[in-house]
Amino acid sequence: MTADNMTADTDIEMNNNMALTLEPDKDQHDFTLDYIFENLTQLPTFPKAVQKAMELLNNPNTTTKHLVDVLKFDPAITTNVLRLTNSARFGLAQKVTNLETALSLLGRNQLKEILMASGSIPYISRELYGYCMRPEDLWHHSMATAICADILSKYINFEEPTTLFTAALLHDIGKIVLNLYVGGNLEKILELATKEGYSFTEAEWMVLGGDHAVIGSEIMNQWDFPEDIIKAIRNHHDPDLYIQDRLSSMLALSNILVIIMGIGVGADGFRYWINPELLDALKITRNDIYEVMFETYKEFINSKDALMLYKDNN
Ligand SMILES: [Fe+2]
Ligand SMILES: [Fe+2]
């Protein structure tokens, strides 16, 4: 299979003229992780304006003007920032109509969360045929995981809540690529997961030779995200790995809880369970878990306007 026989119908058009072009191997004759990794170089990069603004936010001397100067030339990001700032999730008392006011009213952590969400929507508001997911499903699942991660952070005084929020938002990014390959193999994967008791991720490995966590971490690597986020995304379905550091454990638990709640899950839903070692590692009780789930669900429902943003980013 060569780049020469790539066809237009396999292009995934993304907003801001971003295009993800990968050729699915419909016959599954020569599917390899190497092939996918080679073709990942064609992925559009994560919005530079957001990455630059995130860097600026790590400097205590950064002013609102610096941030406005970086963001104002990206209209799609500006629109998303304003809509998220006015959403119930971020709850400002006044309606904000320009970037400068929005950036000056938000706290740094809120600002980081809004920027990451604004930059991520175009990637995670996609229909994933291979996973039987509608365009809103991955966005809802990702937002719910990020909300759950925030709530969990408060429960255990997690030291890096915004890093966790970013990892939670983008943890399933590999699905947009692997989706192209799951298609014809979905039945085989489902059979392994439903009749033979494997998790969906184990079944992905058995049939496809890789899973969306591995691919997702490679995407994050190419986008120059920090090493701890790349690692947490790589680890989020692997019990031997996610138990080894707190960021990975927090991400894995947030994801599992949101799957158990059935938010934005597709063909791989309802096939995950809570690993007791995860609760021990984070020193969190089952009672705490029930409360975290309850609060996540409440906040998810309250975030309706932010959840609708997928419509404008398709
Ligand atoms: Fe996942
Ligand atoms: Fe997930």
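Name the residues in the range 123-148 that are more than 19 Å from Arg83 (Cβ to Cβ), more than 15 Å from ligand 2 (Cβ to nearest atom) and either part of a helix (DSSP H, G or I) or hydroxyl-bearing (Ser, Thr, Tyr) (or both), would you? Answer for the range 123-148, where residues must be more than 19 Å from Arg83 (Cβ to Cβ), more than 15 Å from ligand 2 (Cβ to nearest atom) and either part of a helix (DSSP H, G or I) or hydroxyl-bearing (Ser, Thr, Tyr) (or both): just Tyr129.
Please determine whether any residue of the range 80-97 is over 20 Å from the mean Cα position of the chain (by Cα), farther than 24 Å from Ala167 by Cβ and in a helix (DSSP H, G or I). The answer is yes; a qualifying residue exists. Annotation for the range 101-122: at least one member residue is assigned to a loop (DSSP other than H, G, I, E, B) and modelled with pLDDT of 80 or more.
If you filter the range 88-102 down to residues that are in contact with a Lys or Arg (Cβ under 9 Å, 6 or more places away or on another chain) and over 23 Å from Ile301 (Cβ atoms), you find that the one that is surrounded by the most Cβ atoms within 10 Å (Cβ to Cβ) is Leu99. The single condition from (1) farther than 26 Å from Leu43 by Cα; (2) within 16 Å of ligand 2 (Cβ to nearest atom); (3) of a type in the set (D, E, K, R) that Asp172 fails is (1). Residue check: Thr194 meets all listed conditions (1) at pLDDT 80 or above; (2) closer than 19 Å to Ile259 by Cβ but one, namely (1). I want to confirm something. Restricting to the range 198-243 and keeping residues that are without any contact (Cβ under 8 Å) to a residue 40 or more places away in the chain and part of a loop (DSSP other than H, G, I, E, B), which single residue is surrounded by the most Cβ atoms within 10 Å (Cβ to Cβ)? The selected residue is His237. Of all residues in the range 259-296, those satisfying the criterion of being surrounded by 16 or more Cβ atoms within 10 Å (Cβ to Cβ), at pLDDT below 95 and within 18 Å of His140 (Cβ to Cβ) are Ile259, Ile260, Met261, Ile263, Gly264, Val265, Gly266, Ala267, Asp268, Gly269, Tyr272.
The values are calculated or read from the model by the stated rules, or taken from the named source; none is laboratory data. Model, not experiment: these values are computed from the prediction. Positions of Cβ are backbone-derived with ideal geometry, glycine not excepted, and every protein chain shown enters the neighbour counts.
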